[in-house]
Amino acid sequence: MRTERLRNDPAGIAVAAELLRAGSLVAFATETVYGLGADARHGEAVARIYEAKGRPSFNPLIVHLRGLAQARELTEMPETALRLAEAFWPGPLTLVLPLKDGHGLSPLVTAGLPTVALRVPAQKDAQALLAAFGGPVAAPSANPSGRISPTTAAHVLAGLDGRIAAVLDAGPCTVGLESTIIGFEGDRAILLRAGGLPVEALTDVLGHVPAPATADTITAPGQLGSHYAPRAQVRLGATDARGSEVLLGFGPVAGDLSLSPSGDLVEAAACLFERLHELDALGRPIAVAAVPETGLGVAINDRLRRAAAPR
Ligand code: TXA
Ligand code: MG
């Protein structure tokens, strides 16, 4: 299969929507990372996502929608979910919600669970594609399973060229980290994955910190130890490079490359995967400077710990 690189203009978006209608896979930009999109009601199309990614079939996928009205057609939204959706959609927040009967989604999307993960992306080109297509779009991150998430069309092609119909090139992602995932136990919000929406923002709206996922809560497979692994070995909290290591700096630790010379966490989040891709390509062990455990730093450190986990 030849992967088309579509321009992000009305003509390119129309072609992408047509490919989705035909059951093909189209990678597209969201504000978090590039998603690998398929019609969420089309079982074969969804199956092709797992195939293209080499993803274990028990990992459910996120469904992308135009807005809250579409979410209410598909799911029962507890009061707390509505409040979070009203505060943060469109944006980098995914809500895991109980499905209504007759929802029409392929069961492959939810991997058989009675819940579905829903997200309304803020990126205007993602919104344009969702509007042109009309239906729900299932989209995990557009990378081979277990590899670094893509934040540019070039990253998508590096991992999936020849395995998907097209990539809609809308430039680099602005947030650069996957969405924050919240599930519910009744009306109680549970943090399933730290991500692009800082926990502090959720806490402001909830009036308390979201409960952490426990062993008996449904956990997101994104929490698996080495899910975000580069091929190289990764050492954290470094102040200098040892031996053949290449050093990824932050703030006062300059490094060979830096997540953010000024110590800005938003800048660091936006370039994290980009930097890991660049460093991984060098084939040398990677040392990473300490990143503060506040705001987006929590999600950045979560990704870095996974990258460094023994495997
Ligand atoms: O920012 C993002 O969230 C990106 C962009 C493309 O939207 N998507 C993304 O999708 O990161 P993915 O498939 O790589 O991660 C989806 C996560 C997985 O960890 C999955 O297990 C979890 O969402 N998830 C999906 N449905 C779920 C469900 N019903 N219950 C619990 N976790 C669920
Ligand atoms: Mg992923």
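Below, the figures for the structure above:
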{"item": "Scan of the stretch 150-188 for residues that are of a type in the set (D, E, K, R) and farther than 22 Å from Ile300 by Cβ, ordered by number", "result": "Asp161, Arg163, Asp169, Glu185, Asp187, Arg188"}
{"item": "Qualifying residue in the stretch 181-193 (condition: of a type outside the set (Phe, Trp, Tyr), within 16 Å of ligand 2 (Cβ to nearest atom) and at pLDDT below 90)", "result": "no"}
{"item": "Set Gly176, Gly146: member being buried (at least 23 other Cβ atoms within 10 Å of the Cβ), of a type outside the set (Val, Ile, Thr) and assigned to a loop (DSSP other than H, G, I, E, B)", "result": "Gly176"}
{"item": "Residue within the stretch 149-158 that is open to solvent by less than 30 Å² (accessible area, probe 1.4 Å), farther than 21 Å from Arg7 by Cβ and within 14 Å of ligand 2 (Cβ to nearest atom) present", "result": "yes"}
{"item": "Residues that are within 16 Å of ligand 1 (Cβ to nearest atom) and open to solvent by 20 Å² or more (accessible area, probe 1.4 Å), drawn from the stretch 226-265", "result": "Ser226, His227"}
{"item": "Selection from the stretch 194-205 of residues that are assigned to a helix (DSSP H, G or I) and either within 16 Å of ligand 2 (Cβ to nearest atom) or open to solvent by less than 40 Å² (accessible area, probe 1.4 Å) (or both)", "result": "Val199, Ala201, Leu202, Thr203"}
{"item": "Set Ala131, Ala142: member being among the small types (Gly, Ala, Ser) and more than 15 Å from ligand 2 (Cβ to nearest atom)", "result": "Ala131"}
{"item": "Matching helices (runs of 4 or more DSSP H) fully within the stretch 57-118 where at least 1 residues are under 21 Å from His42 (Cα atoms)", "result": "68-74, 107-110"}
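The values are calculated or read from the model by the stated rules, or taken from the named source; none is laboratory data. Source: prediction; values computed, not measured. Please note: Cβ atoms are built from the backbone with ideal geometry, for glycine as well, and neighbour counts cover all protein chains shown. SASA here: full protein model, heavy atoms, side chains in, ligands and nucleic acids out. Shrake-Rupley method; radii C 1.70, N 1.55, O 1.52, S 1.80 Å.
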